[in-house]
Structure formats: C-alpha cells, structure tokens
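Following: one structure in structure tokens, then a few remarks.
Read the figures in this text as sums done on the coordinates, not as results from a lab. Keep in mind the model is a prediction, meaning the values are calculated, not measured. We place every Cβ from the backbone using ideal geometry, glycine too, and count neighbours over all the protein chains shown.
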C-alpha cells in the first residue's frame, strides 16, 4: 500500500469507527514496508463490515486477517440488552458501538442469566399490583417500588448481577469462523488465535472476555393504571464486555521495527 493510499485509508477508518489504535497499527505496517505484506483497515460503515477482522491483510498471497484491541483491558462495548422470552437482542446503542464478534460474546454471556431472570419475573408477578406486573415477560420490564425492594431483600436482584468469563477457546472459535487467526493487543503485542496458519513466531493468545451484567432501573416515572401512583420504574439489563490478558508477545504490529523483525527483514 502506498503512503498516500494509507493516509486516505486511515482517514476513512477513523471516521467510520474511531479506532485510534487501529490507525496506529496501520501506520506502523505502512512504515515497515515489508515485501509481500498487503493490508487495509475496515473502512466500511460500521464494525466488521468486511467480515474478516479489523485489518484485512495478506502476506505473500496468504490471508493474514487481524483483530485489533487497544489494550490488555480493552472495553468491548457497553449498553443494555433485551430479552423477549425467546431471544436476546442488543439495544440500538450497544449494537451501534460494538463489533459484531464482541456483540456475540456479550449475548453468549447474557444467555446464562435466563434462569435468574425467569425467577425474578416469576416472583415479581406475585407482588402487588399483580395485574400490572403480570404484563412482564422479559426485560426491559416495569416494577413498582415496594415490589423492587422485596425482590432486593429476597436476593432476586443480586442474582441478576453477574460476571461471566469466556475463555480463549470460545474467543478463538468465534474469530476463526470469520477467517481471523491473529490478534494484536496494545501493550501486549501480536498473538495467534487457535491456530497459526502463517507459522509466525508469536505465542498463542491466552486470555478471557469478562462480561459484567447488572440490573438497573431508569429514573423515569411510570404510572400504574388505576392508581395515583408513579413509583414504578423501567428495568434494564446493562452490560459491558472487557477482554483481559496477561500474555506478552515478542512482536507487535504497532512498531515498524518489530514488524520488520517478525517477517525477517532486519
């Protein structure tokens, strides 16, 4: 890739998704000028539009697609997630600000909360006003103040607050399905995911994704039909994913010299 093409590419990439660290990696890859290394960032409208990682690359004609995370404690999207009794779906904010693969990890974690949610709603439907609470069949839902307090006391609220850990096997499997076998992590370097098709001298990725989920109530008042009562509130299931690793690679794609050494050019 020529440097003027690279500059245009970075401008488009940052404008589409704002990944400053990805832009740094692209700049380093361009500066390294490794023969046989061709690449471009995900310049589509939204995340993962190409379907092959944040950076689509080739080395001597072989795919070298790369997922890019900014740090060893990288946030992977945050917002609320809904359940209609059958299927989990992200809020518009969560969907718009989260990569497709990261969103899949969050939804996978949320699936484990279904028994706790079912137990919460079952108990809520026994609380006054019963007819009002009977309308709830998923989340978001609406609950009256006293009912909320009783469910806190009984431990049903706490059971909804969870941290789910997904290990590298699930992470690698998810990305490998999209032909992504390498991950660049800011402060840690380059790793392979699951397998190493290019045979690069980099370690296997060892890490987890922790998805933190908690039940929260919005401040907006909700009127209970037939009662002069606005103590009901809308409940949301708020979540945030974070990728964590303590691994360290001898090579990193955010340094031109390291890239050249990785490919035997210095």
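Some points to look at:
- Cα centroid of region 65-89 to Cα centroid of region 102-168, whole Å: 20 Å
- With viscosity 0.692 mPa s and temperature 37 °C, the Kirkwood radius over alpha carbon pairs of region 88-162 converts through Stokes-Einstein to a diffusion coefficient of 241 µm²/s.
- Taking every alpha-carbon pair within region 3-262, the share separated by more than 36 Å comes to 28 percent.
- Between the Cα long axis of helix 20-32 and the first principal axis of the chain there is an angle of about 10°, rounded to the nearest 10.
- MRE, 222 nm, helices only [DSSP H, n ≥ 4, -39500 (n - 2.57), over the chain, to nearest 500]: -9500 deg cm²/dmol
- Normalised contact order of the chain, rounded percent, pairs of Cα under 8 Å and 6 or more residues apart: 22 percent
- Among 64-70, 106-112, 85-91, the order from most to least packed when residues are scored by Cβ within 10 Å on average: 64-70, 106-112, 85-91
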